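Structure first, commentary second.
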Amino acid sequence: VIARGAIESLDAALAERNPSRVALVVDREVARLHPGLERLARRVAAASILVDGGEGAKTAEKLVALWGALGEADLDRGSILLAAGGGTVLDLAGFAASTWHRGIPWIAIPTTLLAMVDAAIGGKTAIDLPAGKNLVGTFHSPIEVIADLAFLDTLPAEELSTGFAEVVKTAVVGDAALLDLIEEKAPALLAREEPALLEAVRRAVAVKTAIVARDPREGGERRLLNFGHTVGHAIERASGYTIPHGRAVALGMLAECAIAEARGLAAPALRERLARVLARFGLPVRLPPTLDVRAIVSATAADKKRSAGVLSMALPREPGRVEVVLGVTPSETTNGVRPLLWPA
Ligand SMILES: NC(=O)c1ccc[n+]([C@@H]2O[C@H](COP(=O)([O-])OP(=O)(O)OC[C@H]3O[C@@H](n4cnc5c(N)ncnc54)[C@H](O)[C@@H]3O)[C@@H](O)[C@H]2O)c1
Ligand SMILES: [Zn+2]
């Protein structure tokens, strides 16, 4: 359910399933900014469990603490877990739901743009380990996703930008008209105005939903959603995670466009267009001067390890059309990253 006021549909969703008990896991900041959510929880849930959002939510310690809280709330096999927050809280709570009594149903209430268009869709849950992000996880789709646009009213501007990086990615992967919309309605989107925002969220959700429905376990088509993420993850890693994910993905998309250009897949106009759009949404189009190209290229090795020594990337042909290519070489990556450097 995607709408301003979508949260009103929660009662009906719960009534339909008649759970023995309900608990809400909620981002502390979201609970503070949206007291209506707490009132709702008091009405429909036996317990509400506050957690701190941010990547620090996704640790083994926080998971154990959450399991403890679910026990205290007496959640049994017939219960439903509600999770309200950004991608971090949904990943943690979804993981807890997938393991509690070997899996209980959960309802996702995404409160960031990124969570609405990405983290709440497709059933992946995860926590991080010191050895890497999202190393432990499950596939456990929520039975319902309630994306209430009213949450976005309080989202800090930089979190909105991060979300738009993923919306742009999704447009390139599967919806050329969405890219047009993002360009034409940029001022309205930045001002969080409906109906532009509603349409952008709906279209982005539709692209991801269609892809994951055809490839729920990431055997093939789902890899198209990695556009911008192979180089993006390498940039995150090379920066010691000081560059936030969405900003790294913006840079990753531009680098991967350049690689696609060199392979004759995409026209230079695509990269120029994306650079304009990303800059419009406050996202970077140049690497921080402290970041070294070689460090980025060697960080792509971590992706290669996962796929038997071959580096694959989802490269664009044109808006709405991306394909997975195998065997991208370090020198191709180097040349792809180079246009992101500041002119000497
Ligand atoms: N499961 C998936 O398929 C999937 C997909 C993409 C990303 N993710 C995961 O999502 C996480 C990133 O999610 P995110 O960007 O939402 O980060 P987040 O959950 O850390 O939220 C960002 C910040 O915004 C705050 N916040 C949340 N909602 C708010 C609101 N309505 N108003 C004001 N502040 C609010 C949070 O407290 C936090 O400080 C990463 O851990 C990533 O791995 C998962
Ligand atoms: Zn992403």
Problem - Matching option when the condition is in a helix (DSSP H, G or I) and not charged (D, E, K, R), among 50, 37 - result: 37
Fill in the blank from the handout: Of 210, 176, 196, 188, the only residue that is over 18 Å from residue 114 (Cβ atoms), free of Cβ contacts under 8 Å to residues at least 60 places away in the same chain, of a type in the set (A, V, I, L, M) and more than 16 Å from ligand 1 (Cβ to nearest atom) is 188
Problem - Total residues in segment 111-130, condition of a type outside the set (D, E, K, R) and either under 18 Å from residue 64 (Cβ atoms) or within 6 Å of ligand 1 (Cβ to nearest atom) (or both) - result: 11
Exercise for the section: Kindly check whether there is at least one residue in segment 153-161 that is within 11 Å of ligand 1 (Cβ to nearest atom), without any contact (Cβ under 8 Å) to a residue 24 or more places away in the chain and more than 12 Å from the chain's Cα centre (by Cα). Expected result: yes
Handout entry: Residue tally, condition buried (at least 18 other Cβ atoms within 10 Å of the Cβ) and either among the charged types (D, E, K, R) or on the phi > 0 side of the Ramachandran plot (or both), over segment 161-180
Key = 3
Exercise for the section: Just need a number here: residues in segment 117-133 that are within 13 Å of ligand 2 (Cβ to nearest atom) and either of a type in the set (Ser, Thr, Tyr) or assigned to a helix (DSSP H, G or I) (or both). Expected result: 3
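So that you can scan it fast, the table gives a plain yes or no per residue for (1) surrounded by fewer than 23 Cβ atoms within 10 Å (Cβ to Cβ); (2) touching a Phe, Trp or Tyr at 6+ places or on another chain (Cβ under 9 Å):
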residue	(1), (2)
94	no, yes
108	no, no
136	yes, yes
139	yes, no
155	yes, no
159	yes, no
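For (1) farther than 30 Å from residue 141 by Cα; (2) part of a helix (DSSP H, G or I); (3) free of Cβ contacts under 8 Å to residues at least 40 places away in the same chain, each residue gets a yes or a no:
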| site | (1), (2), (3) |
| --- | --- |
| 216 | no, no, no |
| 219 | no, no, yes |
| 225 | no, yes, no |
| 234 | no, yes, no |
| 258 | yes, yes, no |
| 266 | yes, no, no |
| 297 | yes, yes, no |
Handout entry: Failed item, numbered, when residue 249 is tested on (1) within 16 Å of ligand 2 (Cβ to nearest atom); (2) over 18 Å from residue 173 (Cα atoms)
Key = (2)
Practice task
Could you tell me which residue of segment 138-185 is farthest from residue 63 (Cα to Cα), considering only residues that are touching a strand residue (DSSP E or B) at 6+ places or on another chain (Cβ under 7 Å) and within 16 Å of ligand 2 (Cβ to nearest atom)?
Solution key: 172
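Values in this text are rule-based calculations from the coordinates and carry no lab data. Here the structure is a predicted model, which means the values were calculated and not measured. Here Cβ is always computed from backbone atoms with ideal geometry, including for glycine, and neighbour counts include all displayed protein chains.
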